Amino acid sequence: MRIAACALFLCSWFAGCNAPGDVPQPTRAAGEQPDASEIATTYRSLRAMTQEPVLVDPALAMLCRGLTTADIQRAREASGPHALTAVRIHMSDAAIDAFGRPGTKYPVGSVIVKEKSAHPQGPGHDGVGGMIKRAPGYDPAHGDWEYFYFEDPAAIESGRITSCIACHRGAAARDFVFGHWAHKTSGR
């Protein structure tokens, strides 16, 4: 019994401090995939993987000198255009099940959402970006991910967003999903 309790605690901690089923997620018919506009208004019902904002590039913040253009470029190559911002990550259960498992492809319908802010201690966010895993054939060269971005949920950009594709190409070996923030929150 003690081992089972410890295992449940660790699983909850690794998944962002929520036990499975704690966070209600939008329901849909079997095989129905989420829509970017729906996610824009409901993403906070997904599992919060980061309880506090996580600085995407803590190494840059710790340099004891001013940043050079080369420093920033290296950070963007490693972390994408979100370098020098703080993020909060939300994931669907399907994405959580696949996250961090080497060689795993995310299942269709997986959702990953990133709130980003240049001022992590302030209220709100500067923008929200996300990914939705679509059925094979949607965009096979880029992992069949649909990307979306908005500052206002009423004005969403979604689809095969060139800047998102260019950035996530750097994580092709992980099914186009970055996870540099993970060691700060999930122990992975």
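The values are calculated or read from the model by the stated rules, or taken from the named source; none is laboratory data. Keep in mind it's a predicted model, so treat the numbers as computed, not measured. Here the Cβ is made from the backbone with ideal geometry for all residues, glycine too, and neighbour counts use every protein chain on show.
Annotation note: of 65, 88, 101, 28, the sole residue that is at pLDDT 80 or above, among the charged types (D, E, K, R) and part of a loop (DSSP other than H, G, I, E, B) is 101. Please determine whether any residue of the range 117-131 is in contact (Cβ under 8 Å) with a residue 40 or more places away in the chain, within 15 Å of residue 33 (Cβ to Cβ) and surrounded by 19 or more Cβ atoms within 10 Å (Cβ to Cβ). Taking every residue of the range 117-131 in turn, at least one turns out to be in contact (Cβ under 8 Å) with a residue 40 or more places away in the chain, within 15 Å of residue 33 (Cβ to Cβ) and surrounded by 19 or more Cβ atoms within 10 Å (Cβ to Cβ). Scanning the range 45-59 for residues being out of contact with any Ser or Thr (no Cβ under 8 Å at 6 or more places or on another chain) and modelled with pLDDT of 90 or more gives a total of 2. Considering the range 147-177, and only residues there that are within 13 Å of the chain's Cα centre (by Cα) and not in a helix (DSSP H, G or I), the residue that is nearest to residue 103 (Cα to Cα) turns out to be 175.
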